[in-house]
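Heads up: the structure comes next, in structure tokens.
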Amino acid sequence: MDVKRLDEGLSVTAQIRPEDVPALAAAGFRSIIVNRPDGEGADQPSFAEIAAAAEASGLEARYLPVTPGKVRDEDAAGFAAAMAALPKPALAFCRTGTRSTTLWALSEAGRRPLPEILATARAAGYDMSGIARRVLAGGKVSTAGAVASHDVVIVGGGSAGIAVASSLLARRPDLDIAIIEPADIHYYQPGWTLVGAGVFDPLVTRRDMARVLPRGVHWIKAAVAAFEPEENAVLLEGCRPVTYRQLVVCPGLKLDWNGIAGLAETLGQNGVTSNYRYDLAPYTWQLVQELKGGTALFTQPPMPIKCAGAPQKAMYLSCDHWRRSGRLKDIDVGFHTAGAVLFGVPDYVPALMEYVERYGIALNFGETLVSVDGPGRLARFRRATADGGTEIVARGFDMLHAVPPQTAPDFVRVSPLADAAGWVAADPASLRHPKYANVLTLGDAAGTANAKTAAAARKQAPVVAQNVLVGLGLARGDAVYDGYGSCPLTVEKGRIVLAEFGYGGKLAPSFPTWLIDGTRPTRAAWWLKERILPPMYWQGMLKGREWMARPEITG
Ligand code: FAD
């Protein structure tokens, strides 16, 4: 028997035999639900045989037969009623366990979020994405027709979504496009590093969504809950389908603040901050100004994360302020990264190491922040030991800049679009889904190996726009993305190491070396970051003006 636990009350398995029942009783099960109709298979024991064996072992048994592929609403309701009445834990089985898991998923509808139901079933080895629509409809067969239908549907109105909509309209002003986006505010997140250093006012990094959405695009103000690529549909929360001819998936990534015990509760107080949140970046600057001495810790979770340089950018700018104000000698600064190197592309490391030495930063590789005790000002890290095990080390702090672990959004991770790591699967050059050719992706949600940055989205958007038009039969020749991403490493106020690279860490400088040598700190790169990139974002990238981002077309 291969018993799979779904929750504390229920496990499922494939067909069992009466002689298995004593072992189930010994394992603690108190009841058995039989979801396979009698006589379905030639060598299948009948319910009566199972029930007799159950009674002999002191277990209850219930017969709730379901025909394969025909789980009715009343079956799910009957299953929920049985689960409420039977002693637990219970074991449900059918031929493979799929019907039992389906009944469980439908009976849990409305009680748990859809991604949790799908992820739990998947972890047990059952793909329930085919019943996402029904789970969203409260466990009942949904007869809802599409609430909207568009030639192009874009999921997410962040940097990537708005850029791709504008690039599409720049090519075809009459195109029928909808953006599904639940938020009222659009953020220019690359500005948060400079908010945390007191250079930018936070307000310059936010705009009303209504102001940045391109004119002519339908705004569906809702969140997508599930994908049905076989039906060319996405499901909004509340089980409202929206259908499309071409789908662009770019809902960003999930910052898993709860992935570090105690962190969420203490953010914004007790010296704990993060530039990864709009409302906290000003607190970083407040802490930097207030800290006169003691210990400042800066942490970085395992890759991939958005803007891989941002955790150390916060550190260098803080150190620079402490150096200029004569306090650095009284502050111990530690960088604690889950990674094994300072930066993934080696060409930029020498310049960064000069600053690490100048600021006297203690580098701690292979250390992952696992918990924070804010009031006690204690951070705990997991680190590898020489014998191949792990140990927990506790470190006190006066200031902690924490960066949370990052994953694909839950509704993407459990969807048929996800790759093995949970991101939206994509061909690295065309950004099309390998299985569903009318689904494209870009931005942080994409399962491509580029650096997750707005700079990458700036180059990806025209590629996706062209390839969507090819898919609609309105253009010829695929556009190709080369993996470009950029990370302006703010090593001191006034100087930046401008990392620009493509797939495989291949350097991809935008400027001649005499103007900006990206491997060295330069004033020109700071000027670019502070003065040029924000207007280039708002007025260029978000408006479909593809400055320095014209795609290469094949064929
Ligand atoms: P986002 O811009 O995050 O947008 C995702 C959108 O999807 C959001 O509007 C969200 O509301 C929406 N959404 C979420 N769930 C759903 C749903 N269920 N249905 C519909 N819509 C949904 N990049 C650089 O290029 N340079 C930098 O210097 C830089 N520095 C950074 C510093 C920091 C501190 C941070 C946090 C990021 C930085 N970045 C930088 C990274 C950059 O901001 C991101 O890579 C970029 O915003 C990704 O764009 P996106 O559209 O994929 O995601």
Expressed as an acute angle from 0 to 90° and rounded to the nearest 10, what is the orientation of the C-alpha long axis of helix 281-290 relative to the principal long axis of the chain? 50 degrees
Just to check I understand the Karplus step: with θ = phi - 60° and J = 6.51 cos²θ - 1.76 cosθ + 1.60, what whole-Hz values come out for the stretch 343-360, glycine and proline as x? 8, x, 9, x, 4, 8, 5, x, 5, 5, 5, 4, 6, 4, 5, 4, 8, x
Determine which lysines satisfy two conditions relative to Lys529: a Cα distance under 18 Å, and not lying fewer than 8 residues away in the same chain. Lys306, Lys313, Lys452, Lys459, Lys493
How big is the Rg/Rh ratio for the chain, C-alpha atoms only, Rh by Kirkwood, two decimals? 1.04
Which of the peptides 270-279, 21-30 is most tightly packed, and how do the rest follow, judged by the mean count of other Cβ atoms within 10 Å per residue? 270-279, 21-30
Under Karplus coefficients 6.51, -1.76 and 1.60, residue-wise ³J(HN,Hα) of the stretch 65-74 in Hz, glycine/proline x: x, 9, 6, x, x, 9, 7, 8, 4, 5
Over the stretch 304-417, the quotient of the Cα radius of gyration and 2.2 N^0.38 Å is 1.22
Please report the carbon-and-sulfur percent of the accessible area for the chain; probe 1.4 Å, protein heavy atoms only, DNA, RNA and ligands left out. 51 percent
Taking 386-395, 302-311, 53-62 and ranking on average Cβ neighbours within 10 Å, highest first, one gets 302-311, 53-62, 386-395
Applied in sequence order to the stretch 371-380, the curve 6.51 cos²θ - 1.76 cosθ + 1.60 (Karplus, θ = phi - 60°) yields integer Hz couplings, x standing for Gly and Pro, of 7, 10, 10, x, x, x, 6, 10, 10, 10
Cross-link reach from Lys4 to lysines, straight Cα distance under 19 Å and at least 8 residues apart if same chain, gives Lys88
Amide H of Ala222: which non-local residues (sequence gap of 5 or more, or other chain) have their own amide H closer than 5 Å, using H built in the peptide plane? Glu181
With unit charges on the beta carbons (Lys and Arg positive, Asp and Glu negative) and the dipole taken about the Cα centre of the chain, which residue among Gln246, Gly473, Tyr187 sits farthest to the positive side? Tyr187
To the nearest Å², the heavy-atom accessible area per residue of the chain with 1.4 Å probe amounts to 40 Å²
With +1 assigned to the C-beta of every Lys and Arg and -1 to the C-beta of every Asp and Glu, and no other charges, what is the dipole magnitude of the stretch 264-410 about the Cα centre in debye, to the nearest 20? 280 debye
Using the crude model of +1 on Lys and Arg Cβ and -1 on Asp and Glu Cβ, and no other charge, please compute the dipole size for the chain relative to its Cα centre, in debye to 20. 1620 debye
Please compute the net charge surrounding Gly158, taking Lys and Arg as +1 and Asp and Glu as -1 over other residues with Cβ under 9 Å from its Cβ. -2
Suppose a student asked you for the relative contact order of the chain, using Cα pairs under 8 Å spaced at least 6 residues apart; what percent would you report? 13 percent
Sort Leu528, Leu378 by heavy-atom solvent-accessible area, probe 1.4 angstrom, most to least. Leu378, Leu528
Rounded to the nearest 5, what is the percent of antiparallel bridges among the DSSP beta bridges in the chain? 45 percent
How much net charge surrounds Lys292 when only other residues with a Cβ under 12 Å from its Cβ are counted (Lys, Arg +1; Asp, Glu -1)? -1
How large is the dipole of the stretch 408-542 about the Cα centre if only Lys and Arg carry +1 and Asp and Glu carry -1, each at its Cβ, rounded to the nearest 20 debye? 280 debye
Over the stretch 428-537, what number does the Rg to Rh ratio reach, with both radii from the alpha-carbon atoms and Rh per Kirkwood? 1.05
Which whole-angstrom value gives the distance between the alpha carbon centres of the stretch 1-59 and the stretch 341-402? 50 Å
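The values are calculated or read from the model by the stated rules, or taken from the named source; none is laboratory data. Because the structure is predicted, anything quoted here is derived from the model rather than measured. Using ideal geometry, Cβ is built from the backbone for each residue, glycine included, and neighbour counts are taken over all protein chains shown. Accessible surface areas use protein heavy atoms only, side chains included; no ligands, DNA or RNA. Shrake-Rupley method; radii C 1.70, N 1.55, O 1.52, S 1.80 Å.
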